[in-house]
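The values are calculated or read from the model by the stated rules, or taken from the named source; none is laboratory data. Quick caveat: nothing in here was measured; it's all calculated off a predicted structure. Ideal geometry is used to build each Cβ from the backbone, glycine not excepted, and the neighbour counts take in all protein chains shown. Surface accessibility is based on the protein's heavy atoms, side chains included, excluding ligands, DNA and RNA. Shrake-Rupley method; radii C 1.70, N 1.55, O 1.52, S 1.80 Å.
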Amino acid sequence: MNIHLPGLDQTPTREQAEAALDLLRRFADSAAQGERAQVEAAVTGLLPAAAYPVLSREYPADFDVSDGYKASLPDLQNGPASLIVGAKAAIQHVGISNFRLPIRYHTRDNGDLMLETSVTGTVSLEAEKKGINMSRIMRSFYGHAERTFSIDVIRAALDDYKADLESFDARIMMRFSFPMKVQSLRSGLSGYQYYDIALELVDHEGVRQVFMHLDYVYSSTCPCSLELSEHARATRGQLATPHSQRSVARVSVQVLDGATLWYEDLVDLCRAAVPTETQVMVKREDEQAFAELNAANPIFVEDAARSFCEQLENDARIGDFRVVASHQESLHSHDAVSVLTRGPSFQAASLDPRLFSTLFHVG
């Protein structure tokens, strides 16, 4: 049986078509993603191929973006919860990584340095929100990047994008290579040592913490190998050399509220713990001195971790800390590693599977 509805033979007016299109849009705003896709496919199929619009292939350099036009642009990141893909779960960190720009840093001797900096900025995302506008993180940071840098500027940038993105947690980390002039051991030469440093500000559950991370590169002479070499010399007159290797400690510290810990201060703490830092400018007398320095300070990886710990524990500006050490051995085909933590900030039941492989420094 066929049912004939009145008006089916009439051509719809433009107003009727626009009303139907508006109805479809309102349906799409509340429909599930799968339903929306089906309707879009059906509507597209109604258009004959000949009706496909002719689109311009020239870039409109003089196009003026009005406020009304900007308001009409789609914004899927801030779309309704119905557009969420996967589980409606909160995300602890979402944002940008390796956003690069020049930043001016204060130094301990009151000088300033302009250094290329890699910025990671993340915020938390509630379960019912589709996404964040990541460009706001960059815009917030640029708003403060022209000022002489300090932890106060990080706080201002974090305040901005936490408010802009309506997030409950936020984090900024900046990585940079910090130069310090280092004196040779005996020749009087000097050169620049570059330290991989990261400065981090974390705002979690209303509590703010400042962290500093430093990769300290040093030489480690194996105490066991040193004793065996001396035994061969003493008992058999046999020339032997102990094995030494380039080693790296990643030292991460919490800077307590109100304390000032300069980058140079953290380097000095590491040098006090393990004085066999790799050298920059070396003549023969410096190379001999370095061999003597290593012989005076032989260390296993356990010794290194505990030596760093001793220095960090005795500094009143430092709260929680972590030391990750890797001795990249010349005797074995594998490395000797250790992890030592103090306080809850760095405790973890699981380690990043690639943690130790990131400690290689190629100069």
Net length gained if the chain between F27 and A349 were fully extended (0.36 nm per residue, minus Cα distance):
111.2 nm
Which log10 I(q)/I(0) values does the chain give at q = 0.09, 0.10, 0.13 Å⁻¹ under the Debye formula, counting every alpha carbon as one identical point scatterer?
-0.71, -0.81, -1.12
Considering every Cα-Cα pair within the stretch 267-326, what fraction, in whole percent, is farther apart than 17 Å?
45
In sequence order, what are the phi-derived ³J(HN,Hα) couplings for the stretch 94-103 according to the Karplus relation 6.51 cos²θ - 1.76 cosθ + 1.60 with θ = phi - 60°, rounded to whole Hz, with x for glycine and proline?
8, x, 10, 9, 6, 7, 10, 6, x, 10
Which percent of the accessible area of the chain is formed by carbon and sulfur heavy atoms (probe 1.4 angstrom)?
53
Nearest-0.05 FRET efficiency for F168 and N98 at R0 = 25 Å, using Cβ-Cβ distance, is 0.50
Under 14 Å from the Cα of K88 - aspartates and glutamates, other chains or at least 8 residues apart
E126, E128
Considering the dipole of the chain built from charges on the beta carbon (Lys and Arg +1, Asp and Glu -1) around the Cα centre, which of A295, F27, S229 is farthest to its positive end?
S229
Excluding residues fewer than 8 positions from K283 in its own chain, the lysines with Cα under 29 Å of it are K181
Taking every pair of distinct Cα atoms and averaging 1/r, then inverting, what Kirkwood hydrodynamic radius in Å comes out for the stretch 177-294?
16.8
Whole Å is fine, so just give me how far the alpha carbon centre of the stretch 158-194 lies from that of the stretch 258-309.
20
Binned Cα-Cα distances of the stretch 148-217, short to long, each 10 Å bin given as a whole percent:
17, 37, 23, 14, 7, 2
For a label point 7 Å along the Cα-to-beta-carbon line of S190, residues of the stretch 250-273 with backbone N under 17 Å
264-265, 268
List, in order, the whole-Hz ³J(HN,Hα) value for each residue of the stretch 114-124 obtained from phi through the Karplus relation with A = 6.51, B = -1.76, C = 1.60 and θ = phi - 60°; use x for Gly and Pro.
9, 10, 5, 10, 9, 9, 10, x, 9, 9, 7
In nm, to one decimal, how far is the modelled label at K283 from the one at S357, with both set 7 Å along Cα→Cβ?
4.4
If I build a Gaussian network model for the chain, linking alpha-carbon pairs within less than 10 angstrom, which residue out of I84, I172, I132 has the largest mean-square fluctuation?
I84
Extension gain (nm, one decimal) between R147 and S118, 0.36 nm per residue minus Cα-Cα
8.8 nm
